[in-house]
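Just so it is clear, none of the values below were taken in a lab; they were calculated from the coordinates. Predicted model only: the values in this text are computed from it and were never measured. Cβ placement follows ideal geometry from the backbone for every residue including glycine, while neighbour counts extend to all protein chains displayed.
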Amino acid sequence: MTWKQFFWEDSISLPSRIKILDTTLRDGEQTPGVALTPKMKLEIARALDELGVDVIEAGYPIVSSGEEEAVKAIASEGLNAKICALSRIDRMDIDAAIRCGVDWIHIFVATSDIHLKHKLKMSREEVLRKSVEAVEYAKAHGLTVQVSAEDATRTDPKFLSKFYRAVVEAGSDSIDIPDTVGVMTPERFFKLVSKIKEVVKVPVAVHCHNDFGLATANTIAGVLAGAEIVHVTVNGIGERAGNASLEEVAAILKLLYHIPMNLDLKKIFKVSRLVEKYTGIQIQKNKAIVGDNAFTHESGIHVHGILCKPETYEPIPPELFGRERRVVIGKHSGSHAIAEILKKHGLTLASNEISEILREVKERGDRGEVISEDLIVELALKRRRKKVIELKEILLTSSIDGCACLVSVKSNGREITTISYSRSPMDAGVKALGKSLKELIDAEIEDVRIVNRNFISEAEVTLSLGESRTREYAADEDPVKAVALAALSAAEKLLRRVEICRG
Ligand code: KIV
Ligand code: ZN
């Protein structure tokens, strides 16, 4: 039984196959702050080819000699994907693309009145004439041509239809409808794409920007209206708020609409990380499909659910996209998550011990601490061991003459009590602790740091014993007690190390 049987029947007929035009290396590189070397571009192009994208928009050759070099190198790499270069309706742009040896050319010109008047300072007729000439010139040089009406979604629909009809008559093999400034909503874009589909009989592409966070939704609306090609970028990078993201669009087409594509989805994550590395644009943690948290579960109810049956809280199988399911611990966790993590580390604890760990996790979570897997293991191991060193008492007094701190610690039946004086309570405490640990196990306190957060003191203590050194942490409302707990937990660790070394 599958949950998708409860979806309302789709009344629209879906395209039989979708082609992916990836523009990470062109629109993606237009992301503010991103600049890729030809070598990086080539490596990304190879990864995109392995992923199985149909067309790689490799760049805009006229912009620089490095860009031309990169597009040339990608075009001569013998990849399976068709290689495309961006071009204005100018001959010098088209010539640059021809020099690169690309298969496809993506010719664009703005068609909205706002762009014609303020940017291009051209009339509609001029744009039509020059576009037709550009298409004819590119076709005469053997290129496969796709034409974009830049700012199509803010263009007078009558002129837009006229423009697309003219470029198709001139030989354009496909047309693209860009939502250049991302102002579409899915239902409006559906209508626009449907209208253009009535006008032209060549394949239609859609190119959506994410200014209102609708790039993916609009791309899918375009597909539902009959678009056969989608322009996307890895991780959704691109001008301003970016483009429709390849991974989101691919996941929706595959899992929610079952439309065939050429992609090997398992490779998406690897490409996503490569693009992150070279562009320096960090993937947000909660990004669908490729974000760190996309397949991570924390809440107790969810973890219990996925451990019984992953589909309870996983609409997307992580393996499909080369990802793994992860369980993390936080204050929303339940005992199933703790048990699962311990199982992974070969540890089994009684349920009352797991409940104790869970209680400690929740207390720490409430204090704003981030809980690591290591900490869970440490807490479990602590419960298995008998403490070898124990804090019996810590007493602070202060007067106008200064402070006194008494510390009492016990190990192997021996109890040491020391008192120290200082002008500050913390200094008196650290001195008293230091004396006790020196006398009891010959350890030295090397460093103490304290951070106060939400009325809780978090202490970090570095302790050494002979050649061995460790740093431990503890938190408490009382800063001196936090230091004492961290110091004793460091002492425990060092003593254990000594025991292990002695065999
Ligand atoms: O967003 C846009 O309009 C573009 C064009 C070059 C198609 O990227
Ligand atoms: Zn764009």
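When the helices in the chain are scored as -39500 (n - 2.57) per DSSP H run of 4 or longer and the sum is shared across all residues, what 222 nm value do you end up with, to the nearest 500 deg cm²/dmol?
-12500 deg cm²/dmol
If you restrict to DSSP beta bridges whose two residues both lie in the chain, what percentage is antiparallel, to the nearest 5?
Beta bridges within the chain, antiparallel portion: roughly 50 percent.
Could you work out the Kirkwood radius for the chain, taking every pair of different alpha carbons, averaging 1/r and inverting it, reported in Å?
27.3
Using only alpha carbon pairs under 8 Å that are at least six residues apart, calculate the relative contact order of the chain and give it in whole percent.
It comes to 9 percent, rounded to a whole number.
How large is ³J(HN,Hα) for each residue in the range 193-203, as worked out from phi by the Karplus curve 6.51 cos²θ - 1.76 cosθ + 1.60 (θ = phi - 60°), to whole Hz, x for Gly and Pro?
Ordered by residue, 3J(HN,Hα) equals 5, 4, 4, 5, 4, 6, 7, 10, 10, 8, x Hz.
For the range 124-228, what number results from the quotient of the Cα radius of gyration and 2.2 N^0.38 Å?
Expressed relative to 2.2 N^0.38 Å, the Cα Rg reads 1.03.
Going through the cross-link list LYS82/LYS158; LYS344/LYS382; LYS117/LYS158, which pairs have a Cα-Cα distance over 23 Å in this structure?
From LYS82/LYS158; LYS344/LYS382; LYS117/LYS158, over 23 Å: LYS82/LYS158.
Looking at the range 254-285, which trypsin sites (Lys or Arg not before Pro) are in a loop (DSSP not H, G, I, E or B) and have at most 12 other Cβ atoms within 10 Å?
Of the trypsin sites (Lys or Arg not before Pro), the ones in loops of the range 254-285 whose Cβ has at most 12 other Cβ atoms within 10 Å are LYS285.
Which of the peptides 158-170, 442-454 is most tightly packed, and how do the rest follow, judged by the mean count of other Cβ atoms within 10 Å per residue?
Taking the mean over residues of other Cβ atoms within 10 Å, the ranking is 158-170, 442-454.
Given Cα positions, please report Rg to Rh for the range 296-384, the hydrodynamic radius being the Kirkwood one.
Here Rg/Rh amounts to 0.98.
Do you know the relative contact order of the range 296-384, to the nearest whole percent, from alpha carbon pairs under 8 angstrom that are 6+ apart?
Reported relative contact order: 29 percent.
Once you've got the Cα coordinates, tell me which of LYS41/LYS119; LYS331/LYS435; LYS277/LYS331; LYS266/LYS309; LYS19/LYS195; LYS267/LYS309 are over 27 Å apart.
In this structure, LYS41/LYS119; LYS331/LYS435; LYS277/LYS331 lie more than 27 Å apart at Cα.
Using only the alpha-carbon atoms of the range 12-279, report the extent along each of the three principal axes, biggest first, to the nearest angstrom.
So the extents along the principal axes, rounded to whole Å, are 46, 43, 32.
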